[in-house]
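Shown next, in structure tokens, is the structure this report addresses.
The values are calculated or read from the model by the stated rules, or taken from the named source; none is laboratory data. Predicted model only: the values in this text are computed from it and were never measured. Positions of Cβ are backbone-derived with ideal geometry, glycine not excepted, and every protein chain shown enters the neighbour counts. Note: accessible area is taken over every heavy atom of the protein model, side chains too, but ligands, DNA and RNA are not part of it. Shrake-Rupley method; radii C 1.70, N 1.55, O 1.52, S 1.80 Å.
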Amino acid sequence: MAEGRVTGEHGPSDILRLTERFGRIGFWRVDVPNEVVYWSDEVFRIHDVDPEDGEPALADAINFYAPEVAPVVQAAVAASASTGEPFELEDARIISATGVERYVYSKGECRTDDDGNTVEIYGIFQDVTEQVLSQRNMAISKARLELVVQAGLGVWEYDVATRTILVSPELSKILGRETDTPISVSLDDFLGGIPEPDRIGVLEALAAQIDDDTPYLIEHRAIGAGGKTIWLRSRGIAERDSQGKAIRVAGSVEDITPIREATDAALEANSRFNLAVTGASVGVWEVALPSGDMYVSDRLKKIVGAPVLPSTQEGRFVWKLETFLSNIHPADQAAMRKAIDRHLKGRVPFKQEYRFKHTATQQYVHVLIRGQAEWDDKGEPIRMAGSLEDISQRVAHLEALRQSEQRFKLAAEGASVGIWDWLDVNRSEEYWSPNFYSLLGYDYRDLTPSIETFQSLLHPDDVEHTFAAVTAHFESDKPFKVEYRLRHKTEGYRWFLGTAQAAFDADGKPTRMVGSIQDIHERKTAEDKLRKANSDLDQFASVASHDLQEPLRKVAQFSALLERDYGDRLDGDGVLYLGFLMDGAQRMSRMVKDLLTYSRMGDAALNVNPVALENIMAEVIDDLSEVIRESGAEIILTPNAPDIPADPELLRRLLQNLVANGIKYNGSDTPRITVSAVQSTSAVHITVQDNGIGFDPKQADRIFEIFRRLHRREEYSGSGLGLAICKRIVEMHDGKIWAESEPGQGAVFHINLPIREPVVQASVA
Ligand code: ADP
């Protein structure tokens, strides 16, 4: 009976039937002239219609589609009927005969008669409800995950002598009891509110803190409002007498149910999603027993990449069971043979996950095989058929999910991060996590978390740019990443890095904002000190070089005059001394010039843009054309260099210094300088390598100091400022420069330049 319905003239092949059974794909056909519809069993099932009731008329079939979809289907069928073009419906909503809402995928093609009239439209029909819903759930749980914060905070105090616990009103609330005053309960009563499996753990952790000071930090379930199971994160610390004996343990409790739920939901949504999308990655197979001849579908052939032979039956391929088994990962073989055996002999359901060597790529693929045998009257298996599913993506997906969860947890728990949640941006109240308070030296009782309190803690000079960043984030979703000072209870203002993300409603209006603060005070003050030291040095260098230039010019001028007017009156030593004098003046003038360059460097505004390395190198080679020609140096730029995030003018000076050094510090070889760059997610790494004389690796750091030279000036001229300038340029870009070398082995200079997200910078006023 199903035969006639599915394909009209021809019966379905075995493979088609198997596909329908394992891939849950249905088939349908519309007889256009008679407006009659033919459905396969699966299509009946999806519509919750009994096949015995017979096929519906075309109009009735279309009426199963939800009101918003039906006209579209109607039009699509009419269009196909008149044009002969195929049609496709994705995620179309239907309401089944029993009122169940489902989503379907349907695709159809037309068959035309000799006159070009469409006589039949036929196609496939698939229930994609799970896929549609789980995709939706995924999106929701992802949004939840992003916005999740530890909402709620309670405190407790355990008295060791009386074995009683004082529970704060907030904690009572978390536990589903409304009170305005702290209440005292016995330890046993308190533990009674913790579900059995976690109770012992809590008790043990508490005892361990009391007896040997083991940190008390534990996540456990509890019964919350309405008898609902909730998740708590509890921390505690003992107060001890002078003998070290614990008197009290004080602790805090956070309700972390949203975090646990969000991660659990994400996991669940994920696995459901994977189940739903398997359709595309399922192959089917059939083995005749005992011959072991195996028939596989085209799809399966692709999954395992097996060289198989076409069968006499169309769309099928022949294979040997033994060949199939021998391609299974050695570690999984025994289990697979055992599973088959247990199925055939003990009729245990057959479902195995294993790795299979893909014959084309030689890589192991994770697959899931399911199957069912058929036995004859004597109980001998005669054949076995089933599906095989490529689950490598699911395995990889799960691994990625596990990692991102871990990252999320780390971020939420990281000791240096405090979390705040502005639950409704139209109101002032906020939630601050325990860490938020402790980073500012406050107890949670000291401050009411709100926008006003936050503003009162904010340094007056930081209010404007901080709130401007909030506005910009609300208006254009511009990332909120701001540095500001907050007043610590005892230590004055401290620097924090604030990051946050808002949630927006359907109209794009912000509804809620969740963020974190991170203490960056040490780094920031170190930076400021450095900046100050640098500017002192700059000032000194600029004054010194200016003031030195004037007398220096005099020395140079007058020694030149001396040579011109009195040269012939000087004896041998006199000429020699005059030569030293002029050489010294020249070198000093060079040094003063370099020093001036060095000190002025800090003044220039940075203009960081991605620049093409080839263009900069072309300029460098042009600048150095004379030395390159004289030395015969070869300059190589490795191809496919990424763009460099740098100020073009400074990058050019940097590379020019390094390339010039590479040419200069060369013994007898023809200098060969290789410049290359590679990009990672967060930085660009440039190397400049030469084949020169190299240096002692112990000096690798010192060569970047001002006036530091390793080689005698009689051998190699120079001011000892080139690399100091390089270092400064790199540091202006927040990058790093370092060198590697061995004497006689050439030198490599490495530069790492970060690709930075813009941070709203603020400096000490
Ligand atoms: P200089 O003006 O002396 O070249 P730099 O600051 O550029 O000053 O370099 C400092 C010292 O580092 C140099 O005197 C030299 O001893 C060493 N040096 C720099 N580049 C190289 C290199 N490519 N190979 C070997 N030594 C180098």
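Amide H of Ser450 versus every other amide H placed in the peptide plane: which residues, excluding those fewer than 5 positions away on the same chain, fall under 5 Å?
Hits under the 5 Å cutoff: Glu430.
Modelling each spin label as a point 7 Å along the Cα-to-Cβ direction, I'd like the Ser589/Ala544 distance in nm, to one decimal.
It is 2.1 nm.
Which percent of Cα-Cα pairs in the stretch 538-608 sits in each 10 Å bin, short to long?
19, 37, 23, 14, 6, 2
Tell me which aspartates and glutamates have Cα within less than 14 Å of Lys320's Cα, excluding those fewer than 8 residues away on the same chain?
Straight-line reach from Lys320, under 14 Å: Glu286, Asp293.
Do the alpha carbons of any pairs in Lys532/Lys554; Lys532/Lys727; Lys664/Lys698; Lys529/Lys736 sit beyond 29 Å of each other, and which pairs? Each step should come with its number before you reach the end.
Values: Lys532/Lys554 34 Å; Lys532/Lys727 17 Å; Lys664/Lys698 21 Å; Lys529/Lys736 19 Å.
Pairs exceeding the cut-off: Lys532/Lys554.
Find, among the GluC sites (Glu not before Pro) in the stretch 416-506, those assigned to loop by DSSP (not H, G, I, E, B) with at most 14 other beta-carbon atoms within 10 angstrom.
Answer by residue number: Glu491.
Can you give the calculated 222 nm mean residue ellipticity of the chain, where each DSSP H run of n ≥ 4 adds -39,500 (n - 2.57) and the sum is split over every residue, rounded to the nearest 500 deg cm²/dmol?
Working: 23 runs with 316 residues, N = 765.
Only helices count here, giving -13500 deg cm²/dmol.
With the Cα gyration tensor of the chain in hand, give its eigenvalues times 5 under a square root as the equivalent ellipsoid semi-axes, listed largest first in whole angstrom.
68, 45, 28
What distance in nm separates the two pseudo spin-label positions at Ile223 and Val185, each 7 Å out from Cα along the beta-carbon direction?
Between Ile223 and Val185, the label points sit 0.9 nm apart.
Return a whole-number percent for the relative contact order of the stretch 460-550, with Cα pairs under 8 Å and 6 or more residues apart as the contact set.
Result for the stretch 460-550 is 17 percent.
Normalise the Debye intensity by I(0) for the stretch 624-666, one equal point scatterer per Cα, no solvent, then take log10 at q = 0.18, 0.25, 0.33 Å⁻¹ and round to two decimals.
For the requested q values the scattering log ratios are -0.63, -0.99, -1.15.
Can you tell me the dipole magnitude for the stretch 481-557 around its Cα centre, using point charges on the Cβ only (Lys, Arg +1; Asp, Glu -1), in Debye to the nearest 20?
Its charge dipole is roughly 180 debye.
Kindly report the accessible area of the stretch 575-648 per residue (heavy atoms of protein chains, probe 1.4 Å, no ligands, DNA or RNA), in Å².
60 Å²
I'd like the orientation of helix 257-277 relative to the chain: the angle between its Cα long axis and the longest Cα principal axis, in ° from 0 to 90, rounded to 10.
60 degrees
Counting other C-beta atoms within 10 Å, and keeping those with at most 15, which DSSP coil trypsin sites (Lys or Arg not before Pro) do you find in the stretch 630-708?
When the trypsin sites (Lys or Arg not before Pro) of the stretch 630-708 are filtered for loop state and at most 15 Cβ neighbours within 10 Å, Arg708 remain.
Using only the alpha carbon atoms of the stretch 584-640, find the Kirkwood hydrodynamic radius as the inverse mean reciprocal pair distance, in angstroms to one decimal. Provide the component values of the computation, followed by the final result.
Working: mean 1/r = 0.0688 Å⁻¹.
After inverting the pairwise mean of 1/r, the radius is 14.5 Å.
Give me the distance in nm between label points sitting 7 Å out from Cα along the Cα-to-Cβ direction at Asp50 and Ala526, one decimal.
Label at Asp50, label at Ala526, 7.9 nm between them.
What is the spread of the Cα atoms of the stretch 517-637 along each of their three principal axes, largest first, in whole Å?
Cα extents, longest axis first: 78, 39, 20 Å.
Using only the Cα atoms, work out Rg/Rh for the stretch 446-579, with Rh taken as the Kirkwood radius, to two decimals.
That ratio equals 1.48.
Considering only DSSP beta bridges whose two residues both sit in the chain, what percent are antiparallel, to the nearest 5?
Percent antiparallel among DSSP bridges in the chain is about 95.
For Leu606 and Glu634, FRET efficiency with R0 = 41 Å and r from the beta-carbon atoms, rounded to 0.05?
That gives a FRET efficiency of 0.80.
For Lys509, list the aspartates and glutamates whose Cα falls under 19 Å from its own Cα; do not include residues on the same chain fewer than 8 positions away.
Of all the aspartates and glutamates, those that pass the test against Lys509 - Cα under 19 Å, at least 8 places apart if same chain - are Glu146, Asp421, Asp424, Glu429, Glu430, Glu475, Asp477.
Please quote Rg/Rh for the stretch 652-744 to two decimal places, taking the Kirkwood radius as Rh and restricting both calculations to Cα atoms.
When Rh is taken as the Kirkwood radius, the ratio is 0.95.
To the nearest 20 debye, what charge dipole does the chain have about its Cα centre, counting +1 at the Cβ of each Lys and Arg and -1 at the Cβ of each Asp and Glu?
2180 debye
Helix 521-566 against the longest principal axis of the chain: what's the angle in degrees, Cα atoms only, rounded to the nearest 10?
Long axis of 521-566 versus the principal axis of the chain: about 40 degrees.
Enumerate the aspartates and glutamates that Lys228 could reach by cross-link, defined here as Cα to Cα under 14 Å, with residues fewer than 8 away along the same chain left out.
Asp255, Glu261
Before anything else, pin down the relative contact order of the chain: Cα pairs under 8 Å, at least 6 apart, normalised by residue count, whole percent.
6 percent.
Whole angstrom only: what separates the Cα centroid of the stretch 413-478 from the Cα centroid of the stretch 580-631?
The distance from the Cα centre of the stretch 413-478 to that of the stretch 580-631 comes to 47 Å.
Does anyone have the angle between helix 613-623 and the longest principal axis of the chain? Alpha-carbon axes, 0 to 90°, nearest 10?
So the inclination is approximately 20 degrees.
Starting from the amide H of Thr511, placed 1.01 Å from N in the peptide plane, find each other amide H under 5 Å away whose residue is 5 or more places distant or on another chain.
Amide H to amide H, under 5 Å and 5 or more residues apart or across chains, Thr511 pairs with Ala503, Phe504, Asp505.
For the chain, with the dipole built from +1 on Lys and Arg beta-carbon atoms and -1 on Asp and Glu ones, taken about the Cα centre, which of Gly123, Gln501, Ser719 lies farthest toward the positive end?
Looking along the dipole axis, the top candidate is Ser719.
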